[in-house]
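The values are calculated or read from the model by the stated rules, or taken from the named source; none is laboratory data. Source: prediction; values computed, not measured. Here Cβ is always computed from backbone atoms with ideal geometry, including for glycine, and neighbour counts include all displayed protein chains.
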Amino acid sequence: MRAAAGSKRILYRTARVDITAFESSASAQSSYDSSWRAAVSLSGSTSAIGGGKLAGDASAPVNGLGDQAFYYHRTSSSVLGGSGESGEKVRVKNLIVTVAYTGFNAPADELGTPAETGRTPLSTATGRPGADALAHDAVNALTACTTCRHRS
């Protein structure tokens, strides 16, 4: 990853969409409920991991997306700086869609590569629109696909 030569900062972003199919809607519901409980318990908390820390910054239900959905944001930090992840977990019948939009903002060296220190994690304000757009696109594609999921 490189910024243009002479750039002062580099923005790094990745996006991931995972879809898990369950045998039944009830099994998907159980998995979703477990994920929601974990997101709520992490929200507002900080844990030490591997010489750094992981902070659960936010979690909230999302209305009008799939059968159930929630948003989360968390940041991780270490001596090198930080990274932030905005994501949404959505249940559509027997499917669970997990979207993660991750990244950071960092000073660029003279070659345009990220500096070793000084990373700023992706914020909720920056990450949530990307995560939300990905989640909506994934759910719309699944909803249009008649062979992708059970109808019950």
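Some values worked out for this structure:
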quantity	calculated
Selection count, the stretch 58-67, where residues are modelled with pLDDT of 85 or more and surrounded by 12 or more Cβ atoms within 10 Å (Cβ to Cβ)	6
Residue that is nearest to residue 23 (Cα to Cα), among those in the stretch 82-116 that are among the β-branched types (Val, Ile, Thr) and in contact with a strand residue (DSSP E or B) (Cβ under 6 Å, 6 or more places away or on another chain)	96
Hits in the stretch 47-67 (condition: in a strand (DSSP E or B) and among the small types (Gly, Ala, Ser))	47, 48, 52, 55, 56, 58, 59, 60
Residue within the stretch 119-128 that is over 20 Å from residue 33 (Cβ atoms) and basic (Lys, Arg) present	yes
Test result for residue 4, at pLDDT 85 or above and either of a type in the set (A, V, I, L, M) or under 30 Å from residue 110 (Cβ atoms) (or both)	no
Residue count, the stretch 107-134 (criterion: surrounded by fewer than 19 Cβ atoms within 10 Å (Cβ to Cβ), farther than 16 Å from residue 77 by Cα and hydrophobic (A, V, I, L, M, F, W, C))	3
Any hit, the stretch 68-88, residues being on the phi < 0 side of the Ramachandran plot, assigned to a helix (DSSP H, G or I) and surrounded by 15 or more Cβ atoms within 10 Å (Cβ to Cβ)	no
Flag for residue 16 being charged (D, E, K, R), within 17 Å of the chain's Cα centre (by Cα), loosely packed, with under 14 Cβ neighbours inside 10 Å and over 25 Å from residue 125 (Cβ atoms)	no
Residue list for the stretch 21-46, restricted to those being farther than 22 Å from residue 128 by Cα and assigned to a strand (DSSP E or B)	21
Residues that are modelled with pLDDT of 90 or more and over 18 Å from residue 14 (Cα atoms), drawn from the stretch 94-141	94, 95, 96, 139, 140, 141
Count of the stretch 19-56 residues which are closer than 22 Å to residue 105 by Cβ and surrounded by 12 or more Cβ atoms within 10 Å (Cβ to Cβ)	6
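For every residue, the table says whether it meets (1) touching a residue at least 24 places away in the same chain (Cβ under 8 Å); (2) in contact with a His (Cβ under 6 Å, 6 or more places away or on another chain).
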{"residue": "92", "(1), (2)": "yes, no"}
{"residue": "99", "(1), (2)": "yes, no"}
{"residue": "103", "(1), (2)": "yes, no"}
{"residue": "107", "(1), (2)": "yes, no"}
{"residue": "112", "(1), (2)": "yes, no"}
{"residue": "116", "(1), (2)": "yes, no"}
{"residue": "119", "(1), (2)": "yes, no"}
{"residue": "124", "(1), (2)": "yes, yes"}
{"residue": "137", "(1), (2)": "no, no"}
